[in-house]
Amino acid sequence: MQKPKLVYTTYIRSTPKDVWAAITKPEFTRQYWGEMTNVGDWKKGSKWEHHNPQGEVWITGKVLESTPPKRLVLSWADPDDLKDKSRVTFEIVAMEDMTCLTVTHGSFKDGSTMVKKVSGGWPRVLSSMKTFLETGKGLNIFCK
Amino acid sequence: MQPNGCIMCRVMDAAFKALADESRRKLLDQLHKSSGQTLGELCAHLDMTRQAVTKHLLLLEDANLVAVVWRGREKLHYLNPVPIFEISERWIDKYERHRLQALGDLKKGLEKNKNNKPNKKG
């Protein structure tokens with residue numbers, strides 16, 4: 001196993017099922033991921049896309065593993081730079097009345113510009129997802 | 001107030017307790033420089049005994065400020081900034097952030113010019 005580059009964990013007072021839905025359903029992602037949506041059928045081998053509110057594709061990739069509501073592995077690339085491909089893993093584990101979500105982003109190509117693009121974003125997205133799942137309202141994650 | 005013993009409060013308490021120690025902040029600085037280090041790598045960069053580093057790392061893990069990934073028998077430590085982001089979200093209003101950023105930049109800029117290095121006293 002290659003050493004992952006970025007690892008983030010958060011404990012959310014929610015269920016694995018709801019955390020899975022928050023990652024995979026556009027009507028939920030839009031509410032905490034800065035109006036962005038994740039679109040796909042989340043079956044192994046299928047294509048998935050990350051859209052902005054105008055429906056433009058910002059990130060694209062394939063579903064490499066899918067075990068709802070426990071584990072989702074995606075390939076991840078900018079559609080304008082498909083060679084700069086990396087891999088994102090969502091691991092969802094129930095813990096007492098909470099759910100532990102771990103996001104691992106790794107397998108970056110040498111010289112990848114993606115690390116810089118996402119390393120500021122993941123903590124915001126996860127923090128906003130947590131707030132959304134616990135309160136029904138996400139954070140304004142693109143504010144400076 | 002949340003009832004005593006609620007896990008969310010324990011997580012927040014643990015984060016503050018973990019951050020209230022210079023050695024642990026140094027450990028986090030080290031992981032900020034290069035995330036995914038083993039205990040051995042961390043020890044090589046820090047003026048602390050292996051036992052002390054182990055103890056501090058466990059506390060940081062409990063506070064969810066350090067995430068762990070096992071690669072075979074190797075335990076890799078990652079800086080997990082999510083709880084710190086939550087702390088700032090809780091108390092720093094999104095409209096204040098702009099001004100605080102400006103003040104922070106000003107402080108950094110002035111101190112850099114004066115000492116040519118960041119102020120260690122913070």
Exactly one of these conditions fails for A:SER66: (1) surrounded by 18 or more Cβ atoms within 10 Å (Cβ to Cβ); (2) under 22 Å from B:ASN64 (Cα atoms). Give me its number. (2)
What residue, among those in the stretch A:90-110 that are surrounded by 15 or more Cβ atoms within 10 Å (Cβ to Cβ) and at the interface with chain B (Cβ under 10 Å from one of its Cβ atoms), is farthest from A:LYS5 (Cα to Cα)? A:MET98
Any hit, the stretch B:74-87, residues being exposed (fewer than 14 other Cβ atoms within 10 Å of the Cβ), free of Cβ contacts under 8 Å to residues at least 24 places away in the same chain and not in a loop (DSSP other than H, G, I, E, B): no
Taking B:GLN101, is it surrounded by fewer than 13 Cβ atoms within 10 Å (Cβ to Cβ), assigned to a helix (DSSP H, G or I) and either more than 14 Å from every other protein chain (Cβ to nearest Cβ) or out of contact with any Lys or Arg (no Cβ under 8 Å at 6 or more places or on another chain) (or both)? no
Single unsatisfied condition, A:VAL57 versus (1) more than 21 Å from A:PRO4 (Cβ to Cβ); (2) within 14 Å of chain B (Cβ to nearest Cβ): (2)
Single unsatisfied condition, A:PRO4 versus (1) within 14 Å of another protein chain (Cβ to nearest Cβ); (2) in a strand (DSSP E or B); (3) of a type outside the set (S, T, N, Q); (4) crowded, with 16+ Cβ neighbours inside 10 Å: (2)
If we scan the stretch B:19-30, do we find a residue that is at pLDDT 95 or above, within 14 Å of the chain's Cα centre (by Cα), within 30 Å of A:GLU96 (Cα to Cα) and among the basic types (Lys, Arg)? yes
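Conditions tested, residue by residue: (1) within 22 Å of A:LEU139 (Cα to Cα); (2) within 13 Å of the chain's Cα centre (by Cα).
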{"site": "A:ILE12", "(1), (2)": "yes, no"}
{"site": "A:THR29", "(1), (2)": "yes, yes"}
{"site": "A:GLY40", "(1), (2)": "no, yes"}
{"site": "A:VAL57", "(1), (2)": "no, no"}
{"site": "A:ARG71", "(1), (2)": "no, yes"}
{"site": "A:ASP84", "(1), (2)": "no, no"}
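The values are calculated or read from the model by the stated rules, or taken from the named source; none is laboratory data. Just so it is clear, the model here is predicted, and its values are computed rather than measured. Here Cβ is always computed from backbone atoms with ideal geometry, including for glycine, and neighbour counts include all displayed protein chains.
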